[in-house]
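Since the structure comes first, as C-alpha cells, the remarks are kept for the end.
The values are calculated or read from the model by the stated rules, or taken from the named source; none is laboratory data. Everything quoted here is computed from the prediction, not taken from an experiment. Glycine gets a Cβ as well: all are built from the backbone with ideal geometry, and neighbour counts include every protein chain shown.
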Amino acid sequence: MKTFPFTYILYHKHTQLWYYGVRYAEGCHPNDLFTIYFSSSKYVKALIKEYGVNSFKYCVDRIFRNKLDAIRFEKIMLKSHFDTNRNIFLNRSLGNNSFGLGNTDFILIHNAITGEEVFQDRSSVIPIGYDKGASKTHKLNLSLSTKGRKPWNKDKKYITSPCSESRKNNIRNARLKTDTILCGYCNKNFDPGNFKQFHGEKCRNNPKIDLTILEKRSELARNNMCLQKSSGAFSKPKTPIGLFKCPHCSKIGKNYGNMHKNHFNRCKQLEALCNK
C-alpha cells in the first residue's frame, strides 16, 4: 500500500483555535483526515469529545513524497506562525515530540555557522558544515527557559521503608527465573544486574581491581545504612544457623562468619590447588 504523507489544518469553531499537524503513518492517505484519523493531539481529541467532530473545520494543506519532507514542512510552518500567534494555536510546543521524531528514525543537526536546524534520516551522512545536535542558540534558549524554576526534586526526601512480604516474594520468584552468570573470580552465579555492578572485572576478588571502586562501594553502603537507620528501616542481616562444611578442606564449623572468612572461596586448600 502506497503512503501519501500530508500536512493539515484544523479550526475549532467554538474556541476559535487552530491546529497544524502532519500525518505520515505507513499506508496513510489525505482522505483519512476526519474519516479514520482525527489528529494525534490530545487537545484536539478532548475538544472532539466535548463538542463533537462537527465542531471542527479541516482541510489538507500539502501532500508529500516522503514523511521526512512532511515533517520538515510542518516544522517550518509552525516555526513561522507559532511564536507570534501562540495564543490561537492548539499546538503546545515545537519540540521533537511535536514532529513525531523518535531516536530511532531521525537526528537533529545544525549548521555550525548559521545555526539553522534540520532533522535528517539517522542512516544518512551528515552534510559538510553541519554538526550533530542542537545549535548553541537552541541550547541557550533552553537554559534560559529553565532558569528560576524550582527543580522537581528539590527538598524532596528519599526515605526507604521496609519491604513488604508480598514484594519480597515477588522479587525472590523473579530472581529464581532469571538466568545467572558465573563470576570467574569468586566462582559464584549472579543475575545480570548484580554481575554487571559488582562482579566480573569489578569483583572484589579480582587482584587487579581499582581500589577506588571498592572505596566508593563501601561509602555508598555506609550512606545507605545511615539513611535506613534514620528512617527506622534498618535491620541486621539474619545469620544462618547450622553446621557449615568447607568443600575444599572438609572443615565443619558452626560460626557462619568465620567459616566464610577463612574457608569456601578463601580456603587455603583452594589457593594451593590454583597455584599448582
In the stretch 140-159, is there at least one residue being modelled with pLDDT under 80, out of contact with any helix residue (DSSP H, G or I) (no Cβ under 7 Å at 6 or more places or on another chain), small (Gly, Ala, Ser) and part of a helix (DSSP H, G or I)? yes
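Residues are listed down the side, and each one gets a yes or a no for (1) among the charged types (D, E, K, R); (2) modelled with pLDDT under 85:
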site: 184; (1), (2): no, no
site: 198; (1), (2): no, no
site: 201; (1), (2): yes, no
site: 204; (1), (2): yes, no
site: 207; (1), (2): no, no
site: 226; (1), (2): no, no
site: 240; (1), (2): no, yes
site: 248; (1), (2): no, yes
Restricting attention to the stretch 161-181, which residues are loosely packed, with under 12 Cβ neighbours inside 10 Å and either assigned by TED's automatic domain parsing to the domain that holds residue 225 or of a type in the set (D, E, K, R) (or both)? 165, 167, 168, 172, 177, 179
Restrict the check to the stretch 203-221 and report whether at least one residue is closer than 21 Å to residue 184 by Cβ, free of Cβ contacts under 8 Å to residues at least 24 places away in the same chain, among the aliphatic types (A, V, I, L, M) and part of a loop (DSSP other than H, G, I, E, B). yes
Can you spot a residue in the stretch 30-37 that is surrounded by fewer than 15 Cβ atoms within 10 Å (Cβ to Cβ) and either touching a His at 6+ places or on another chain (Cβ under 6 Å) or modelled with pLDDT under 90 (or both)? no
Tell me, which residue of the stretch 115-132 that is surrounded by fewer than 11 Cβ atoms within 10 Å (Cβ to Cβ) and among the β-branched types (Val, Ile, Thr) is farthest from residue 80 (Cα to Cα)? 125
If we keep just the residues of the stretch 5-29 that are touching a residue at least 40 places away in the same chain (Cβ under 8 Å), of a type in the set (A, V, I, L, M, F, W, C) and out of contact with any Asp or Glu (no Cβ under 9 Å at 6 or more places or on another chain), which is surrounded by the most Cβ atoms within 10 Å (Cβ to Cβ)? 10
Checking residue 1 against (1) modelled with pLDDT under 85; (2) farther than 30 Å from residue 142 by Cβ; (3) in contact with a Phe, Trp or Tyr (Cβ under 6 Å, 6 or more places away or on another chain), which single condition isn't satisfied? (3)
Scanning the stretch 162-191 for residues that are farther than 27 Å from residue 233 by Cα, outside any loop (DSSP other than H, G, I, E, B) and not aliphatic (A, V, I, L, M) gives 189
Output the number of the condition that residue 231 fails; it satisfies all remaining conditions of (1) farther than 25 Å from residue 256 by Cα; (2) touching a residue at least 24 places away in the same chain (Cβ under 8 Å); (3) exposed (fewer than 10 other Cβ atoms within 10 Å of the Cβ). (3)
Could you tell me which residue of the stretch 108-139 is modelled with the lowest pLDDT, considering only residues that are charged (D, E, K, R) and in contact with a strand residue (DSSP E or B) (Cβ under 7 Å, 6 or more places away or on another chain)? 121
Search result, residues across the stretch 241-259 that are charged (D, E, K, R) and within 19 Å of residue 270 (Cα to Cα): 245, 251
